[in-house]
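Here's the structure we're looking at; comments come further down.
The values are calculated or read from the model by the stated rules, or taken from the named source; none is laboratory data. Bear in mind that the values here come from a model prediction, so they are computed numbers and not experimental data. Note that we place each Cβ from the backbone using ideal geometry, even for glycine, and neighbour counts take in every protein chain shown.
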Amino acid sequence: MSRPTAQTSGDRRGRPVYDRDSLLEVAVAVFNERGYDGTGMEELARRLGLSKSSIYHHVSGKAELLDLAVTRALDALFAVLDEAPGPDATATAHLRHVVRRSVEVLAAELPYVTLLLRLHGNSASEERALARRRDFDHRVAGLVSAAAAEGGVRDDIDPHLASRLLFGTVNSLIEWYRPEGGLPVPALADALTAVLFDGLSARQPQG
């Protein structure tokens, strides 16, 4: 998925020209670098090479930029929950599909997911995002319960704990995965899903 960038041409005064998406891309990079709470509109304006009034032409302020960014990440993740891996797929197959596709979403939307996962709930915008994250976790826990009921995953671990463990591993990718590292996303998604569902132990030969 290509990401928007600022237009290379400037206005008559030589300032860069942004649309809303390219402005958001730069803002998210600054939020991730400095922290949302530690970023003011003055810093955003400096990094963008714009006046604050030019930013306000696109958005009402940094809270709206945060809303746009985390909504982009959350909408992509919730869309994965609604995907069906097949017409007759089991709950276990659906759970594996959700985990694998979540890795792909994280890779495709890395700056936006990174920002989402670093929120602390210090503002109304952050609280709304965290409430949606909790809803996502609850739905994944429901899938874990259904998979356990059909014998696809162990049933001796609390589904909410299992959900947190699964997505704790997925979410840890923001700390080290970099698209320019050369690791193909499908290979990454396959490996992580295999480890989470099949483990690292080598299969013993049949005697």
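Conditions tested, residue by residue: (1) over 15 Å from the mean Cα position of the chain (by Cα); (2) among the acidic types (Asp, Glu).
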site	(1), (2)
Ser145	yes, no
Ala148	yes, no
Arg154	yes, no
Pro159	yes, no
Glu175	no, yes
Arg178	no, no
Leu188	yes, no
Gly35 fails exactly one of (1) under 24 Å from Glu126 (Cβ atoms); (2) surrounded by 15 or more Cβ atoms within 10 Å (Cβ to Cβ); (3) of a type outside the set (Lys, Arg); (4) not assigned by TED's automatic domain parsing to the domain that holds Leu117, namely (2)
query: Being exposed (fewer than 15 other Cβ atoms within 10 Å of the Cβ), in contact (Cβ under 8 Å) with a residue 40 or more places away in the chain and part of a loop (DSSP other than H, G, I, E, B), is that true of even one residue in the range 121-134?
result: yes
Flagged in the range 154-170 as assigned to a helix (DSSP H, G or I) and either among the β-branched types (Val, Ile, Thr) or surrounded by fewer than 17 Cβ atoms within 10 Å (Cβ to Cβ) (or both), in numbering order, are His160, Leu161, Arg164, Leu165, Gly168, Thr169, Val170
When the range 80-93 is checked residue by residue, the ones that are of a type in the set (A, V, I, L, M) and over 13 Å from Val113 (Cβ atoms) are Leu81, Ala84, Ala89, Ala91, Ala93
Filtering the range 20-45 for residues that are touching a Pro at 6+ places or on another chain (Cβ under 7 Å) and among the acidic types (Asp, Glu) leaves a count of 2
If we take the range 20-64, then helices (runs of 4 or more DSSP H) inside it with 3 or more residues that are of a type in the set (A, V, I, L, M, F, W, C) and free of Cβ contacts under 8 Å to residues at least 60 places away in the same chain are 20-34, 41-48
Whether any residue in the range 75-87 is within 11 Å of the chain's Cα centre (by Cα), assigned to a helix (DSSP H, G or I), exposed (fewer than 15 other Cβ atoms within 10 Å of the Cβ) and modelled with pLDDT of 95 or more is what I want to check. yes
Only unsatisfied item for Glu64, checking (1) buried (at least 18 other Cβ atoms within 10 Å of the Cβ); (2) at pLDDT 95 or above; (3) over 17 Å from the mean Cα position of the chain (by Cα), is (1)
Out of (1) farther than 23 Å from Leu183 by Cβ; (2) of a type outside the set (A, V, I, L, M, F, W, C); (3) at pLDDT 95 or above, the one His97 does not meet is (1)
task: Within the range 181-191, identify whether any single residue is of a type in the set (Asp, Glu), without any contact (Cβ under 8 Å) to a residue 12 or more places away in the chain and surrounded by 11 or more Cβ atoms within 10 Å (Cβ to Cβ), and answer yes or no.
output: no
Here the residues within the range 177-192 that are under 24 Å from Leu95 (Cα atoms) and in a helix (DSSP H, G or I) are Val185, Pro186, Ala187, Leu188, Ala189, Asp190, Ala191, Leu192
